[in-house]
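> Here it is, the structure, as structure tokens.
The values are calculated or read from the model by the stated rules, or taken from the named source; none is laboratory data. None of the values given here were measured: they were computed from a predicted structure. Cβ placement follows ideal geometry from the backbone for every residue including glycine, while neighbour counts extend to all protein chains displayed. Surface accessibility is based on the protein's heavy atoms, side chains included, excluding ligands, DNA and RNA. Shrake-Rupley method; radii C 1.70, N 1.55, O 1.52, S 1.80 Å.
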Amino acid sequence: MQQIKRHHFVPKTYLNAFCDESGKLLVYRKDKPLAPLNVTPDNTQFRRYYYSQPTPDGGQDNNTLESLFSTVESSWPDTVKTLSLRGDGNSRIENIYQFMALQRVRVPASRDMAEAIYAHQVKDTLKALLAEGKLPPLPPGLDDLPNKVEVTIDPHVSIHAMAAMLFGMEKFFKSLGFIVVHNMTKRTFITSDNPVIWFDPTLPYDEQKPYTTTPNGEVVFFFPVSPKIAICGSTEYVDGFKRSGFTHQETSDEEWVEMMNGQICRFAYEAVISNEPGQEEMVSEFKEVSPVHEAVSLKTETGSAVVHQHVFGKRVTKPKWRGGIAKSSDF
């Protein structure tokens with residue numbers, strides 16, 4: 001069997017809808033926002049062996065997950081066509097839900113978050129063992145070593161975390177209603193390497209946190225399907241969605257389109273993707289802003305507890321895993 005080496009975390013079938021007339025995309029890297037790459041969908045948004053898993057015999061399975069995801073991806077072009085023609089979105093609801101859920105959990109922004117949580121838990125365990133006297137005392141001058149030690153996590157661990165995240169997405173979708181928005185303005189929707197976003201719209205802009213809402217509170221969900229179509233979700237749409245499912249609506253509000261593009265840019269992890277030039281200023285504004293991990297220690301009656309959350313902050317380079325499966329990035 002031919003081994004798949006390039007594992008796309010943003011599928012080519014999704015990116016195809018954002019191509020220009022030449023069949024290429026403009027990929028604006030947050031690290032180099034003024035030098036976009038003009039590439040085909042096949043040559044961007046992948047990592048080598050990203051979904052590879054170790055096998056019991058000591059080998060490496062490079063194909064199973066990539067092939068599994070391809071079954072969902074293969075139906076996406078028909079879904080995009082249906083939505084573009086303002087057809088019955090309810091006939092494509094299973095594919096829409098599956099595709100959006102996968103695009104939330106499979107991307108580096110999500111998997112890096114899971115690995116950051118595991119790394120923090122390893123440090124907490126080390127601190128606890130030292131405090132309980134179950135490890136030899138640290139040498140003089142190295143008392144702060146548990147806070148400074150670099151912990152690397154096997155990427156295979158975050159593959160397993162994807163299953164739990166998918167279950168959470170299923171519950172989350174049930175709390176929302178959805179509409180299909182057709183962009184009638186001259187300004188097109190952009191997308192990114194982390195295209196599924198949601199936030200609490202009741203909070204001031206500077207206080208919003210990625211993927212963080214209050215129980216039974218308001219939610220804005222957004223997923224660009226193409227430069228002219230997006231799926232919007234909200235707690236306000238629940239009743240209408242229960243009655244009619246997906247309905248088609250139009251927007252001629254260019255300010256709203258620009259605002260949602262700004263959110264897409266803010267939620268982008270490493271790259272913003274567009275079918276047209278002119279995004280340099282917006283990408284530069286958010287070049288040091290991405291959804292990243294933050295651990296917060298809270299006092300409790302019995303001591304303290306750590307809460308792991310997403311915040312908007314500067315993305316840091318993840319320590320490389322030195323064992324097992326090779327892994328490299330490529331735009």
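> As an exercise: evaluate residue 292 against (1) at pLDDT 90 or above; (2) farther than 26 Å from residue 35 by Cα; (3) not in a helix (DSSP H, G or I) and give the number of the one condition it does not meet.
That leaves (2) as the condition not met.
> Let me ask another. Return yes or no: is residue 37 among the hydrophobic types (A, V, I, L, M, F, W, C), modelled with pLDDT of 95 or more and more than 28 Å from residue 248 (Cα to Cα)?
yes
> Then there is this: Please verify whether residue 171 is open to solvent by 70 Å² or more (accessible area, probe 1.4 Å) and either among the polar types (S, T, N, Q) or within 30 Å of residue 244 (Cα to Cα) (or both), treating the condition exactly as stated. If you could, list the steps in order and put the result at the bottom.
On the way: open to solvent by 70 Å² or more (accessible area, probe 1.4 Å): yes; either among the polar types (S, T, N, Q) or within 30 Å of residue 244 (Cα to Cα) (or both): yes.
Taking the combined requirement at face value, the residue satisfies it.
> Pairs please, first residue from the range 268-283 and assigned to a strand (DSSP E or B), second anywhere and surrounded by fewer than 20 Cβ atoms within 10 Å (Cβ to Cβ) and at pLDDT below 95, Cβ atoms under 8 Å, 6+ apart in sequence or on different chains.
Note: pairs meeting the criteria are 271/331.
> Can you pull out the residues in the range 224-235 that are among the hydroxyl-bearing types (Ser, Thr, Tyr) and not in a strand (DSSP E or B)?
Result: 235, single match.
> Kindly provide the set of residues from the range 99-157 that are charged (D, E, K, R) and either open to solvent by less than 20 Å² (accessible area, probe 1.4 Å) or not in a loop (DSSP other than H, G, I, E, B) (or both), ordered by number.
104, 106, 111, 112, 115, 123, 124, 127, 148
> If you don't mind, there's one more thing I want to ask. When you go through 278, 303, 240, 233 one by one, which is the residue that is at pLDDT 90 or above and farther than 20 Å from residue 191 by Cα?
Step by step, each of 278, 303, 240, 233 is checked, and only 240 is at pLDDT 90 or above and farther than 20 Å from residue 191 by Cα.
> Please go through the range 175-218 and pick out each residue that is under 28 Å from residue 275 (Cα atoms), surrounded by 15 or more Cβ atoms within 10 Å (Cβ to Cβ) and aliphatic (A, V, I, L, M).
Result: 179, 180, 181, 190, 196, 197.
> Just to be sure, is residue 44 surrounded by fewer than 20 Cβ atoms within 10 Å (Cβ to Cβ), closer than 29 Å to residue 158 by Cα and of a type outside the set (D, E, K, R)?
Against the criterion (surrounded by fewer than 20 Cβ atoms within 10 Å (Cβ to Cβ), closer than 29 Å to residue 158 by Cα and of a type outside the set (D, E, K, R)), residue 44 does not qualify.
> What single numbered condition from (1) outside any helix (DSSP H, G or I); (2) open to solvent by 10 Å² or more (accessible area, probe 1.4 Å) fails to hold for residue 221?
Of (1) outside any helix (DSSP H, G or I); (2) open to solvent by 10 Å² or more (accessible area, probe 1.4 Å), only one is false for residue 221: (2).
> Suppose we filter 56, 33 for residues that are surrounded by 14 or more Cβ atoms within 10 Å (Cβ to Cβ) and over 23 Å from residue 102 (Cα atoms); which single one remains?
Within the list 56, 33, the selection yields 33.
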